[in-house]
Amino acid sequence: MPPEAELHGGVATAGLAIHAHDARFTWPGAGRFSISIPHLAIKAGERVFLHGPSGSGKSTMLSLLAGIVAPQAGEIEIMGAPFSALSGSKRDRVRAERFGIIFQMFNLLPYASAIDNVLLPLAFAPERAARVGRARVAEAQRLLTALGLPRDAVETARADRLSVGQQQRVAVARALIGTPDIVIADEPTSALDTGARDAFLSLLFEQVAAAGATLVMVSHDTGLGAEFDRSLALGDIAQVERA
Amino acid sequence: MILRLTLRSLTNRWITVALTIFATALSVALFLGVEKVRTGARASFANTVSGVDLIAGARSGSVQLLLYSVFRIGSATNNITWESYQDLAALPAVDWIVPLSLGDSHRGFRVLGTTEAYFDRYKYRGGRSLAFAEGERFGDIFDAVLGADVARALGYRLGDEIIVAHGIASFSYHDDKPFRVAGILEKTGTPVDRTVHVSLEGIEAIHVDWQGGARLGPAISAEEVRTMDLTPKAITAAMIGVTSKLAVFRLQRAINEYPEEPLLAVLPGVALQELWGLVGVAETALAGVSAMVVATALLGMGAMILAGLGERRREMAILRAVGARPRTVVTMLLLEAALISLAAAALGLVLLYGGLVILQPWLDTTYGLYISIAPPGGTEIAILAAIVATGTAVGLVPALRAYRMSLADGMRVTQ
């Protein structure tokens with residue numbers, strides 16, 4: 001019997017960062033795109049690679065995992081606590097406190113500086129802000145330096161003056177500030193060339209490990225899967241329907 | 001942080017935002033300006049005559065009497081005979097009486113025939129007396145005293161000659177009997193500034209050989225006329241002061257019931273109230289139109305924010321991803337609308353006062369409309385607060401749309 005089944009059978013969900021069972025979600029309105037996740041368990045500290053072609057429901061999957069939308073049936077738990085069952089604003093709060101999210105591109109508020117972009121989650125997450133302490137800017141600076149960004153590029157310049165690769169690394173710093181539990185990355189390397197991609201990934205792994213966070217990364221590029229603890233095909237864990 | 005982000009987001013779109021602020025500010029300035037002109041006009045009118053208890057004239061409308069006698073607007077339909085005037089003057093309740101004889105003009109300015117008592121009795125702006133900038137009252141039949149604007153506009157100095165035209169807008173002149181400038185009055189901010197004052201005898205003298213609108217019979221020279229009896233046959237109106245304020249209404253009734261001739265006496269304050277009643281509709285219409293302009297500008301602002309939402313979906317998605325609630329997105333957009341309205345209100349005030357500083361002298365000299373430049377009062381602040389509140393309320397439309405968008409979009413938006 002696979003380990004997932006044991007967990008599904010009601011054995012302690014402690015030690016799991018993400019646990020979804022019988023979750024089913026349909027977008028409201030036209031299109032009626034729906035996705036169902038019979039079972040998904042991701043351990044805390046695990047690095048999981050989800051791969052699937054475009055249209056396989058990656059964004060919806062991530063929206064569900066990050067609690068931006070909630071399944072109409074079934075449940076998703078985060079760090080052993082109910083998540084999808086919470087109200088929308090409580091989920092927003094959990095997302096602010098526990099998640100770091102990296103998009104494919106255009107991650108940053110273009111009009112704010114890189115530092116302000118990094119500090120953005122702290123405005124919505126008091127506990128996370130408390131973990132960072134008073135020296136917020138210094139912590140943002142530390143992360144940006146660790147991610148290889150030149151100091152002068154990030155302090156005052158608008159974020160949209162940075163190169164795409166630099167913007168993606170600022171997004172990593174934003175996802176990691178205040179040591180969240182889970183980092184979700186949606187094709188973060190698709191806008192980068194191969195050299196930059198590998199450098200980016202190793203920096204991402206390094207910093208995620210330093211923060212002790214769980215990493216869930218989605219990509220259509222199966223070649224990246226080898227670097228992760230576990231690689232899952234989206235089609236195996238979720239069924240997609242279009243009405 | 002929310003405020004800082006909102007400000008950054010606004011400055012990021014500064015051209016559209018600045019245009020919107022400017023358009024709204026213009027409408028705010030217009031609205032406040034209309035209000036200023038309205039109150040200024042009322043104050044101006046109310047300040048024009050003070051210390052006069054009754055104005056008597058031939059029977060017509062009370063507003064008409066007030067307008068032509070005090071404001072030199074329009075003309076009398078009929079005159080009061082000199083005999084009636086003498087009877088009025090003899091009434092026991094009458095403390096003083098000043099005759100006014102209107103009908104002629106000098107280069108667009110009205111000529112007023114009166115007595116010396118006019119300079120003692122006429123009061124404006126809460127009891128101020130007329131003062132002479134140069135020269136003195138008329139001592140001779142052909143002396144004229146100019147209002148400040150007349151002297152300034154036509155460049156007259158003491159001793160200059162003035163030819164009076166017959167009627168208000170005519171091409172027949174009393175050029176055989178020129179007047180001489182004997183005095184120039186200080187600026188008052190009232191129609192006095194735009195009036196040429198001469199003696200009643202002077203008015204009589206220039207009309208001695210006239211009948212109706214034309215010269216009649218043999219010409220009588222300016223020298224000859226001095227030897228004649230120049231008691232006027234009629235006047236246009238009279239300003240009256242009473243011995244006791246209690247006697248005003250009794251005297252008014254006595255004049256209105258004067259048996260020899262149909263006369264009308266009005267209390268200036270009451271007639272002014274009646275005038276406001278008449279122009280109130282126009283004022284309301286004007287205020288309504290300028291309020292619509294403000295509403296249009298605020299709706300334009302709402303449309304601007306709404307139109308910008310499309311390209312800001314990314315911004316919303318990022319905020320949602322870092323844990324902002326849909327409510328925060330709503331707050332940001334409302335804050336945006338509030339900030340734009342606030343900036344527009346502030347800039348509107350600046351435009352208003354700037355405009356006032358520039359236009360005040362022109363309004364004063366051209367229309368006799370003196371608008372005082374005072375710090376914004378309770379009404380203005382209430383109007384501005386209402387504008388900011390309305391602007392913020394308009395912001396609800398894009399804010400609610402963004403709310404729905406941010407709920408529906410989730411993390412799907414990638415561009």
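Some notes on this structure:
- Percent of Cα pairs exceeding the 19 Å cut-off, where the set is segment B:202-309: 73 percent
- Approximate spin-label separation B:Ala90-B:Arg327, in nm, with each point projected 7 Å along Cα-to-Cβ: 8.8 nm
- Extension reserve of the B:Arg215-B:Glu161 stretch, reckoned as 0.36 nm per residue once the Cα distance is removed: 17.3 nm
- Acute angle (nearest 10 degrees) that the helix B:326-367 long axis makes with the longest principal axis of chain B, alpha-carbon atoms: 20 degrees
- Relative to its Kirkwood radius, the Cα radius of gyration of segment B:305-388 gives an Rg/Rh of 1.26.
- Of the two radii for segment A:97-139, the radius of gyration is 0.97 times the Kirkwood radius, both from the alpha carbons; that is the Rg over Rh value.
- Segment A:Glu227-A:Glu75, length gained on full extension (0.36 nm per residue, minus Cα span): 51.8 nm
- Computed from Cα atoms alone, the Kirkwood hydrodynamic radius reported for segment A:68-131 is 13.4 Å.
- Computed from label points 7 Å out along Cα-Cβ, the spacing between B:Leu19 and A:Ala146 is 4.6 nm.
- Model label points for B:Asn12 and B:Ala303, set 7 angstrom from Cα along the Cα-to-Cβ axis, are 2.5 nm apart.
- Cα-only Debye scattering, the protein assembly as shown: base-10 log of I(q)/I(0) at q = 0.05 Å⁻¹: -0.48
- You can think of it this way: the chain between A:Asp160 and A:Ser54 has 35.5 nm of extra reach, that is 0.36 nm per residue less the Cα-Cα gap.
- Here r is the Cβ-Cβ distance between B:Glu261 and B:Arg226 and R0 is 35 Å; the resulting FRET efficiency, rounded to 0.05, is 0.70.
- What the pair-distance distribution of segment A:136-243 shows, using all Cα-Cα distances binned every 5 Å from zero, is 2, 10, 22, 22, 18, 12, 6, 4, 2, 1, 0 percent.
- Gyration tensor (alpha-carbon) shape descriptor, segment B:1-155, a/c threshold 1.5: prolate
- Top positive-direction residue, dipole computed over chain A with Cβ charges, set A:Ala173, A:Gly133, A:Val183: A:Gly133
- For segment B:202-243, the residues whose amide N sits under 15 Å from a probe point set 7 Å from the Cα of B:Glu83 along the beta carbon direction are B:232-235.
- The Rg/Rh ratio for segment A:157-199 is 0.99, where Rg is the radius of gyration of the alpha carbons and Rh is the Kirkwood radius.
- Spin-label zone in segment B:248-264 - amide nitrogen under 18 Å from a point set 7 Å from the Cα of B:Lys123 along the C-beta vector: B:248-249
- Kirkwood hydrodynamic radius of chain B, Cα pairs, Å: 25.5 Å
- 10 Å Cβ shell holding at most 11 others, DSSP loop, trypsin sites (Lys or Arg not before Pro): longest site-free stretch of chain B: B:234-415
- Å³ per residue enclosed by the Cα convex hull of chain A: 128 Å³
- Residues in segment B:262-281 that a label on B:Thr296 would reach, taking backbone N under 18 Å of a point 7 Å out along Cα→Cβ: none
- Summary value for chain B: 26 percent relative contact order, contacts being C-alpha pairs under 8 angstrom separated by 6+ residues.
- For segment B:160-229 versus segment A:91-108, the gap between their alpha-carbon centres in whole angstrom: 89 Å
Coordinate-derived values only; no laboratory data. Computed from a prediction, not measured in an experiment: that's the story for all the values here. Note: ideal-geometry Cβ built from the backbone for every residue, glycine included; neighbour counts use all protein chains shown.
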